[in-house]
Amino acid sequence: MAGGGQGALLHRVIDVKGRERRVFSGIQVEADALGQVPHAHGFMVDVTQSLRIESQNAASDAIEGVYAHKAVIEQAKGIVMALRSVDPEAAFKVLADQSQHVNAKLHVVAGELVRCAAEGKAREALAGFRVSR
């Protein structure tokens with residue numbers, strides 16, 4: 001850049017005790033009339049703890065999501081197993097294929113099948129599922 005510019009980087013740094021740190025740095029440079037950069041201004045912030053907390057929260061949310069939906073997925077698998085006379089793996093594949101076909105999360109497809117079963121319409125709902133090849 002002729003007039004200077006700004007930038008940001010996320011660094012992986014190993015400190016003197018051998019611990020990995022994540023450091024964010026921001027820099028601003030201004031070029032002089034000759035296009036030279038006599039100095040730069042910037043800052044560095046250790047974001048290791050913030051990233052660690054964010055990663056832990058994301059992992060916890062993902063685990064909670066899996067367990068929160070596990071019951072309905074297992075119920076739907078049971079319905080598929082009973083109506084199609086298939087094993088658990090094949091029943092899961094039926095649900096997963098339908099999930100991809102309609103572009104909906106697996107637990108949503110499973111929940112809809114369970115809801116239909118509660119209304120006595122599971123066979124009809126399952127008949128509408130895409131048959132994978």
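The values are calculated or read from the model by the stated rules, or taken from the named source; none is laboratory data. What you are looking at is a predicted structure, and each value in this text was computed from that prediction instead of being measured. Glycine also receives a Cβ, built like all others from the backbone with ideal geometry; neighbour counts cover every protein chain displayed.
Summary table below
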read-out	value
Residues being in contact with a helix residue (DSSP H, G or I) (Cβ under 7 Å, 6 or more places away or on another chain) and exposed (fewer than 14 other Cβ atoms within 10 Å of the Cβ) - total across region 103-123	2
Residue within region 51-72 that is within 26 Å of the chain's Cα centre (by Cα), outside the structural domain of residue 26 (by TED's automatic domain parsing), modelled with pLDDT of 95 or more and not hydrophobic (A, V, I, L, M, F, W, C) present	no
Count - residues of region 51-91 that are among the hydrophobic types (A, V, I, L, M, F, W, C) and out of contact with any helix residue (DSSP H, G or I) (no Cβ under 6 Å at 6 or more places or on another chain)	12
Verdict on residue 132 being assigned to a helix (DSSP H, G or I) and either of a type outside the set (A, V, I, L, M, F, W, C) or modelled with pLDDT of 95 or more (or both)	no
Members of region 1-29 found to be exposed (fewer than 10 other Cβ atoms within 10 Å of the Cβ), modelled with pLDDT of 90 or more, more than 26 Å from the chain's Cα centre (by Cα) and not basic (Lys, Arg), listed by number	14, 16, 18
Count of region 103-127 residues which are farther than 12 Å from residue 73 by Cβ, without any contact (Cβ under 8 Å) to a residue 12 or more places away in the chain and part of a helix (DSSP H, G or I)	5
